[in-house]
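Some notes on the structure that comes next.
Coordinate-derived values only; no laboratory data. Just so it is clear, the structure is predicted and the values come from calculations on it, not from any experiment. Quick reminder, even Gly has a Cβ in these numbers, built from the backbone with ideal geometry, and neighbours come from all protein chains shown.
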Amino acid sequence: MNRFNDLADFSVAEIDSLLELAQRLEREPEPRALEGKVMSLLFLSPSLRTLASFQAAMQRLGGGSFVISPDMSIHGIETRPGIVMDGVAAEHIREAVPVIASYGDVMGIRAFAERRSLETEIADKEFEELADLVDTPLINMESAIQHPCQSLADWKTMDELEIPRTGGRFVLSWAYHPRPLPLAVPAATVKMAAMRGMDVVVLRPEGFELPEPIMAQARTLAQTSGGSVSETAERSEALQGAHVIYAKSWTSTQHYGNRAGDQALREELVDWCVDEPWFETAQADCRFMHCLPVRRGVVVADRVLDGPRSVVLAEARNRMYAQMAVLHRMLKG
Ligand code: CP
């Protein structure tokens, strides 16, 4: 494996094999498996879990890692193509990325969407341009439209909880947030649940539809796995019989890149905060999932987040084991 960019690049059998490896590494640690190997971590966007879990994963496997981010005392990095660099930035990303990659055996890059062009960001052009500069194995640590490490950890979490694949109802629900957030997690999540063979319902207010190319890809994946994908704004209909309510806020696709238009829609939607009544017609043991970080009392009520339905800490912990499996497969074969 040379690239870990999109779960949909793999078959379900390949994902199951990665998840078996993750379980094995959790049960039977291999503290020398990646001895002498180095991971370079380039964070152009903020993180807690991804940063800490990759460092911990490399260390647990006997390797090492280093982090580069614009917050550190590095030269200012210019990312715009074709620019005359007569401003503050002293280094261009076109040199920085291959230099950083050359110090490691595997590289991870995080670069969120700038939310300027939906078409460019669905095509993940910025990340792909960076990926072209890397000649080591590369892991997408969240780009404009992908977050495969989160999806692999979420799949592992659902398997451990014995949440059904075929016949399991997975509701990916939009939730209120004061700011427009990227599409990477919802796009990756709808595809992950579809590949897992679940009946996936995207519950979102009007104006927050997921982009059609993402929904079309999810429908195709669902067909192969025996699941289904639908989209609705009707909360009561969506939540009936749910095994999982996965909350996430995202930007308005109707007003993509238009902060004022997004805000006007969003400010009417503060009641999209997941709370106990959302679970009334769901399965009795319906779980609450979220990738974190999450805003308490905004995205989800404390009593849900702190209650027995919530599996957010298991999802976060599984990031480390899922990534250990990816690193092991990439660097050890
Ligand atoms: N879920 C996730 O990627 O968390 P961080 O943004 O903290 O890395």
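Once the Cα-Cα distance is subtracted from the 0.36 nm per residue extended length, the residue 216 to residue 298 segment shows a gain of 26.5 nm. Other residues lying with their Cβ under 9 Å from the Cβ of residue 137 contribute a combined charge of 0, Lys and Arg counting +1, Asp and Glu -1.
Cβ-Cβ distance of residue 86 and residue 123, R₀ of 30 Å, FRET efficiency by 1/(1 + (r/R0)^6): the value works out to about 0.50. Available extension along the chain between residue 114 and residue 12 is 33.6 nm, counting 0.36 nm per residue and deducting the alpha carbon span. Extension gain for residue 94-residue 267 works out to 58.3 nm (0.36 nm per residue, less the C-alpha to C-alpha distance).
Sparsely packed loop sites in the stretch 159-257 (the GluC sites (Glu not before Pro) outside DSSP H, G, I, E and B with at most 10 other Cβ atoms within 10 Å) comprise 162, 206, 234.
Summing +1 for each Lys or Arg and -1 for each Asp or Glu among the other residues whose beta-carbon sits under 10 angstrom from that of residue 173 gives +3. Membrane-span-like helices of the chain, defined as complete DSSP H segments with a Cα extent of 15 Å or more along the helix axis and a mean Kyte hydropathy of at least -0.5, are identified as 12-27, 49-60, 184-195, 212-225, 312-332.
When +1 charges are put on Lys and Arg Cβ atoms and -1 charges on Asp and Glu Cβ atoms, the dipole computed for the stretch 160-231 relative to its Cα centre reaches about 100 debye. Hand me the tally of lysine pairs in the chain: alpha carbons under 19 angstrom apart, and the pair either on different chains or 8 or more positions apart. Lysine pairs satisfying the spacing and distance rule in the chain number 4. The share of Cα pairs per 10 Å bin across the chain, counted from zero up to the longest distance, runs 6, 26, 34, 24, 9, 1, 0 percent. When you filter the chymotrypsin sites (Phe, Trp or Tyr not before Pro) in the stretch 101-191 for DSSP loop state and at most 13 other Cβ atoms inside 10 Å of their Cβ, you are left with 103.
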